[in-house]
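Structure first, then comments.
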Amino acid sequence: DNTDCEYWVYSGTASGSKAYSDSGSLGNSTSYTIAGHPLDGSTVYVTLYYRALSGGVWSSLVLEYDTSDDPGGILINEFLAGNDTGLQDEDGSEEDWIELYNDSAVTVDLSGWCLTDDDTDPTMWCFPSSSNSLINPDEYLVIFASSKDRIANLPFHTNFKLGKGGEFLGLYPPGASIPIDSYNPFPPQEDDVSYGRDKNGQLAYFQTPTPGAQNISDPAETGVLQFSSNAITTYGDDRTLMLSAVDGEQTAYLLQVNSDASGWLSAETASDEDGFTADQVLIAIDDSGLVPGSYLGVVTASADGFEATEVSVNLVVEHTSAQVSDWEKADIRLNGFPVAVDDADNRLLFPVGPGYTSPLDWSVSLSFNQGSGYSVGIDGNATVPSGTMVTFENLTYASNHTLKLFLNQTQLGEYDLVFSNLPVVNMKAATIVDEPKSPGVFRFTSYADDETQPFHNLGIEYRGNTAQAYPKKPYSISFLESSDFDSSDNMNVEFPGLRNDDDWILDAAYRDQSFVRNLVSMDIWNDMREFAFTDSNGDGQGQATVKGRLVEMILDNQYQGIHVLHERVDRKLYGLEKGTESGLFKASTDTSNMFHSSTVPSDFEQKYPDPDDADGYAALIDLVTFVDTSSSSDFVADIENRMDIDGVVDYWLLNLITGALDNLKKNYYIYRNNTQKFQISPWDFDATFAMEWHGGHSSRALEYYPTWKNKLFKRLHDLSATDFDSLTATRWSELRQDLFTVDAIATRFDNYVTQLKPIAGDNNNAFERNLQRWPDSGGVGSYKPELGDPEWIRDWISDRIDYLDGVVD
């Protein structure tokens, strides 16, 4: 029923068995893959329980699948994304590798099968038509993921590498749009530790990689080792952690260190290495010679008969002009999640997430950098040891809590502990300009999403034309694998509910007092259009437009207010295949649009292919020439062969329902996949819902046909033979049943505003914190605060729909 759901699924080769199980949440059109069953002709039974995210009664569904009809049980059995000292290729270099395994009873020809690390590009690298592409039953095939792109002889090399930070990896049969096996995404990887499936089909790390052979599972464990923290952040200082053992016979343990750059991280036992009672482990840091940036490492403690434990170590080397406060060095964490430090306002921000509008007791473990002499007191009470369980009684977002920080018994300060409903972004950058990007680091934390990331390296710059002139800045960021800014490869990062990508936007939403006009508009479009385009097989591909999340942001230890972290538009978002036949363009001028073929290069910015690689304007110029100069009869006869008219109708209606003022002449994308029809997609819908581009109130928003700025829509409307008006009326009637009702649209605003103001009538929230930081939020519209009031917006939506009901026919 087109509703996002939570689910629990299990499967096996006998009804009621559970050889595979999983649970979580899925969108209403999400593909889900179950892998790991032997394809030996047996029947696999799949049982799915599901219900709406809001709760309710569970429903169930049982499926039977005859594996004898399967094209072949080919699995991505094992892979290594950080080959440092392991398997070498024919050039003598250690390259990443992927191992396939034939779990079926027949020989499978992999000719035309494809491997990819981009779920929007199933044909990124494909096996050649060759006898080398045959894989026999119970046989392994190792492919180097080296980006060398070799298929003439064995070993094969893909045209991509694997990202250690975690990314998508999929295997596709010929012509398939859904992988036969995939990791979506695989988790962060360590050097020389492979990942894949154990003998039971469960996902696991392997300390001993076995390319071309059966995976070796770690020996059975009888006890558990445990560090006092599973993650720490250091700014160049050594750290001391406690190592303990739970159950099992005590014995000497080993410490293993892996890091992304040699020399900076080491670990040694600081006390008795033969026992486990309060053993101290010194995490030693040497940042001499390191350029500013973020570095990642892992220290693993292991012993025979014990389950190993590890701590992730994140080193941040600050720019020489930056100051690291003691609060940062103290690395204060609640249940392992870091607090963000706002030194400018003497407060600590923690993203506890939803649920604290009414008082609740919250018990957490308080940890910090105790070994360096720091100690912490809570709410004026005496200091407590790191690892102490603390209960915040009757906690709400309005609660007042304080932390005191001491260094060697000397008090350094007292900060307010603020609990936020939103995720928190913490960034550092020595200098930020319009262009080019400057180096920096970025961390995302959301307790509700169980997501805390280390600081990632990034390049950052201001974005927008008029937007960056305001005091609160929007940013464009690109994540990087290494701190070596000049030579780093981009790195994909995934945020909860959003895509896995390297390029992101932090929109300041300075002029919009609701902060979410653009988000609401993009959400409506994503519900109107389930995918970007339909391929030649009739299957939907790509995502209709961007998605985003509200966050609170701290930059260089100073609170920066509410931002919208959202995806960027690119080839991958829309699922466009690589090649010059695909094209992606942004309408970016403030003049008439689609009127003159000669102005196409100035009216539209080419986004794909890269302008440095190819001039991709020819197809778009051909379309605009047709729109501008074709006869009426030719236009009516052929426009549907050149553009997706259903999508054009939907885009027109999105402009109408939101009262968009700029988005016919600019602020939209036009694209096509290879030689298919052109599609249109929205962008930057902030001047909507009765707001002008400068933040003030719009008196023009109830116009039906604004001054014509796009010849495509003008001709479609003027020429009755196109049936554009009748198609618009029919589609309007459909949308008025669900997406285009007052409640449906207003509820979108209500849901977002509830995130910003979780407790009605209380000022301890993200909205008020942003207003205190930027008292002129709203630009010239700041004198009219009702523009951000959801009830005022609801009334405007009601008036707007009443008006359109009378004119859309």
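The values are calculated or read from the model by the stated rules, or taken from the named source; none is laboratory data. If you're wondering where the values come from, they're calculated on a predicted model, not measured in any experiment. Cβ coordinates were reconstructed from backbone atoms using ideal geometry, including for glycine residues, and neighbour counts include every protein chain displayed. Each accessible area value is taken on the protein alone, full model and side chains, heavy atoms only, with ligands, DNA and RNA left out. Shrake-Rupley method; radii C 1.70, N 1.55, O 1.52, S 1.80 Å.
Numerical summary
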{"item": "Enumerated helices (runs of 4 or more DSSP H) restricted to the range 587-668, each holding at least 2 residues that are within 33 Å of the chain's Cα centre (by Cα)", "result": "600-603, 618-629, 645-658"}
{"item": "Any hit, the range 624-640, residues being surrounded by fewer than 21 Cβ atoms within 10 Å (Cβ to Cβ) and touching a strand residue (DSSP E or B) at 6+ places or on another chain (Cβ under 7 Å)", "result": "no"}
{"item": "Neighbours by Cβ (under 6 Å, 6+ apart or cross-chain): first from the range 511-527, under 14 Å from residue 693 (Cα atoms); second open to solvent by less than 10 Å² (accessible area, probe 1.4 Å) and part of a loop (DSSP other than H, G, I, E, B)", "result": "511/695; 513/778; 517/688; 517/689; 518/685"}
{"item": "All helices (runs of 4 or more DSSP H) inside the range 700-809 with 3 or more residues being without any contact (Cβ under 8 Å) to a residue 12 or more places away in the chain", "result": "724-735, 742-756, 766-773, 790-807"}
{"item": "Which listed residue is touching a helix residue (DSSP H, G or I) at 6+ places or on another chain (Cβ under 9 Å), within 30 Å of residue 296 (Cβ to Cβ) and surrounded by fewer than 23 Cβ atoms within 10 Å (Cβ to Cβ), from 109, 121, 149", "result": "121"}
{"item": "Residue list for the range 177-190, filter: open to solvent by less than 30 Å² (accessible area, probe 1.4 Å), assigned to a loop (DSSP other than H, G, I, E, B) and either out of contact with any Lys or Arg (no Cβ under 7 Å at 6 or more places or on another chain) or of a type in the set (Gly, Ala, Ser) (or both)", "result": "179, 186, 190"}
{"item": "In the range 550-606, the residues that are among the charged types (D, E, K, R), surrounded by fewer than 21 Cβ atoms within 10 Å (Cβ to Cβ) and farther than 30 Å from residue 114 by Cα", "result": "556, 586, 590, 605"}
{"item": "The one condition in (1) under 34 Å from the mean Cα position of the chain (by Cα); (2) crowded, with 19+ Cβ neighbours inside 10 Å that residue 762 fails to fulfil", "result": "(2)"}
{"item": "Only one of 167, 90 that is at pLDDT 90 or above and assigned to a loop (DSSP other than H, G, I, E, B)", "result": "90"}
{"item": "Residue within the range 153-164 that is of a type in the set (Phe, Trp, Tyr), in contact with a strand residue (DSSP E or B) (Cβ under 8 Å, 6 or more places away or on another chain) and in a strand (DSSP E or B) present", "result": "no"}
{"item": "Among residues of the range 92-103, those that are farther than 18 Å from residue 146 by Cα and out of contact with any Asp or Glu (no Cβ under 7 Å at 6 or more places or on another chain), counted", "result": "2"}
{"item": "Single residue of the range 284-318 satisfying the filter (in a loop (DSSP other than H, G, I, E, B) and under 28 Å from residue 406 (Cβ atoms)) that is least open to solvent (accessible area, probe 1.4 Å)", "result": "318"}
{"item": "Check on residue 384, of a type outside the set (Lys, Arg) and either in contact with a helix residue (DSSP H, G or I) (Cβ under 7 Å, 6 or more places away or on another chain) or without any contact (Cβ under 8 Å) to a residue 24 or more places away in the chain (or both)", "result": "yes"}
{"item": "Selection status of residue 759, out of contact with any Lys or Arg (no Cβ under 6 Å at 6 or more places or on another chain) and closer than 23 Å to residue 527 by Cα", "result": "no"}
{"item": "Strands (runs of 3 or more DSSP E) fully within the range 362-439 counting 3 or more residues that are buried (at least 16 other Cβ atoms within 10 Å of the Cβ), within 25 Å of the chain's Cα centre (by Cα) and not charged (D, E, K, R)", "result": "424-429"}
{"item": "Residues of the range 444-485 satisfying the condition of being among the aliphatic types (A, V, I, L, M) and open to solvent by 10 Å² or more (accessible area, probe 1.4 Å)", "result": "448, 467, 469, 480"}
{"item": "Any pair with Cβ under 6 angstrom, 6 or more apart, that starts in the range 642-660 at a residue that is under 11 Å from residue 685 (Cβ atoms) and open to solvent by 10 Å² or more (accessible area, probe 1.4 Å) and ends at one that is among the hydroxyl-bearing types (Ser, Thr, Tyr) and at pLDDT below 95", "result": "660/688"}
{"item": "Count of the range 72-89 residues which are free of Cβ contacts under 8 Å to residues at least 60 places away in the same chain and open to solvent by 20 Å² or more (accessible area, probe 1.4 Å)", "result": "1"}
{"item": "Test result for residue 493, at pLDDT 90 or above, of a type in the set (Val, Ile, Thr) and farther than 30 Å from residue 577 by Cβ", "result": "no"}
{"item": "Search result, residues across the range 676-690 that are open to solvent by 10 Å² or more (accessible area, probe 1.4 Å), on the phi < 0 side of the Ramachandran plot and not in a strand (DSSP E or B)", "result": "676, 677, 683, 686"}
{"item": "Elements of type strands (runs of 3 or more DSSP E) in the range 469-582, at least 2 residues being over 20 Å from the mean Cα position of the chain (by Cα)", "result": "558-567"}
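Rundown of residues vs (1) open to solvent by less than 20 Å² (accessible area, probe 1.4 Å); (2) in contact with a His (Cβ under 8 Å, 6 or more places away or on another chain); (3) of a type in the set (S, T, N, Q), yes/no style:
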| residue | (1), (2), (3) |
| --- | --- |
| 746 | yes, no, no |
| 749 | yes, no, no |
| 757 | no, no, no |
| 772 | no, no, yes |
| 778 | yes, no, no |
| 785 | no, no, no |
| 790 | no, no, no |
| 796 | no, no, no |
